[in-house]
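Encoded as structure tokens, the structure appears first; notes follow it.
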Amino acid sequence: MLITQIMWIYRDEAMNYQMTSIYFYSFKAMLWAAFCLTISFFGSPAPFFFLLILGIVFPVVISVRLHTLTEQGAVLNNSQAEEWLVFVNGIPVQETRRPLSNPFFYSTQRAAQFFRRAFLMRAVIQALIIGWMLVTWPPYEMFIISAGMILALLIMLYSLIHTLSNLQMLNKNHWEIESLKAPGESEWFQAFFTWRKRRQGALESVLSQF
């Protein structure tokens, strides 16, 4: 699809309509992507790789792992299947989608183990990319370029701090757990974190860019 295509999404009870690429759903994400791409043109590709790995590669790894655990019966995905009509180059294509929602685990210990590993992996990736950016910092003297790179670095550091904060809350058992009774009378557990007075599902916190 063309970049200049106007986003239009209409939703009713029967069908969801999509007429734009998923990459343009969030203005903040689109702005961050444009900023990272601009910074990469001035000799610092680290923010772009930060966006690429944490925005695309890492969520795919987490999604595949959750799918495997769901098939093994260790995770319950409580989301409902949705019917979407997607316009690809003007051609309507009907799809059935099941959104990736905050998962339920068969025990709080299993949930803690999964999210601890996920946050650790995320923190290592963030720290490596930030270290790479500092080591390969280009010797520019233009104020606007230096200011842009410092801003990108601060955003990545903020994201790392967010990750470490959630990991600390998890280790200190300062997270929230909600339970769900399945039809077979089995009990499942869902995790949440609170960051700056904002409550987030644990999966959303793991996959968040910031």
>> Tell me the residue from F210, F193, F119, F114 that is in contact with a His (Cβ under 9 Å, 6 or more places away or on another chain), of a type outside the set (S, T, Y) and farther than 15 Å from L51 by Cα, please.
In response: F193
> Are any residues in region 175-203 without any contact (Cβ under 8 Å) to a residue 12 or more places away in the chain, open to solvent by 80 Å² or more (accessible area, probe 1.4 Å) and within 16 Å of T163 (Cα to Cα), and if so, which ones?
Replying inline: R196, K197, R198
>> Every residue in region 148-172 that is surrounded by fewer than 17 Cβ atoms within 10 Å (Cβ to Cβ) and either farther than 16 Å from W195 by Cβ or in contact with a Phe, Trp or Tyr (Cβ under 6 Å, 6 or more places away or on another chain) (or both), please.
In response: I150, L151, L154
> Would it be correct to say that F210 is surrounded by 11 or more Cβ atoms within 10 Å (Cβ to Cβ), at pLDDT 90 or above and not in a helix (DSSP H, G or I)?
Replying inline: no
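Within region 33-56, take every residue that is touching a residue at least 40 places away in the same chain (Cβ under 8 Å) and among the β-branched types (V, I, T) and give me the one that is farthest from H162 (Cα to Cα). Steps first, please.
Narrowing region 33-56 to residues touching a residue at least 40 places away in the same chain (Cβ under 8 Å): 35-36, 38-39, 42-44, 46-47, 49-51, 53-55.
Keeping just the survivors that are among the β-branched types (V, I, T) gives 38-39, 53.
Values: T38: 25, I39: 23, I53: 17 Å.
By that ranking, first place goes to T38.
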> Across region 161-193, what is the total count of residues that are closer than 21 Å to N102 by Cα, in a helix (DSSP H, G or I) and out of contact with any strand residue (DSSP E or B) (no Cβ under 7 Å at 6 or more places or on another chain)?
Replying inline: 6
>> Restricting to region 122-147, count the residues that are under 15 Å from F50 (Cα atoms), open to solvent by less than 90 Å² (accessible area, probe 1.4 Å), in contact (Cβ under 8 Å) with a residue 60 or more places away in the chain and assigned to a helix (DSSP H, G or I).
In response: 6
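Quick check, is F58 at pLDDT 90 or above, within 30 Å of S107 (Cα to Cα), aromatic (F, W, Y) and open to solvent by less than 40 Å² (accessible area, probe 1.4 Å)? Don't jump to the end; show me each part of the working.
Working: at pLDDT 90 or above: yes; within 30 Å of S107 (Cα to Cα): yes; aromatic (F, W, Y): yes; open to solvent by less than 40 Å² (accessible area, probe 1.4 Å): yes.
Judged against the criteria, F58 is a match.
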> Only one of these conditions is not met by T163: (1) of a type in the set (S, T, N, Q); (2) touching a residue at least 60 places away in the same chain (Cβ under 8 Å); (3) within 13 Å of F115 (Cα to Cα). Which number is it?
Replying inline: (2)
>> Condition first: touching a Ser or Thr at 6+ places or on another chain (Cβ under 9 Å) and in a strand (DSSP E or B). Now tell me which residues in region 194-207 satisfy that.
In response: W195, Q200, G201
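The values are calculated or read from the model by the stated rules, or taken from the named source; none is laboratory data. Model, not experiment: these values are computed from the prediction. Note: ideal-geometry Cβ built from the backbone for every residue, glycine included; neighbour counts use all protein chains shown. Each accessible area value is taken on the protein alone, full model and side chains, heavy atoms only, with ligands, DNA and RNA left out. Shrake-Rupley method; radii C 1.70, N 1.55, O 1.52, S 1.80 Å.
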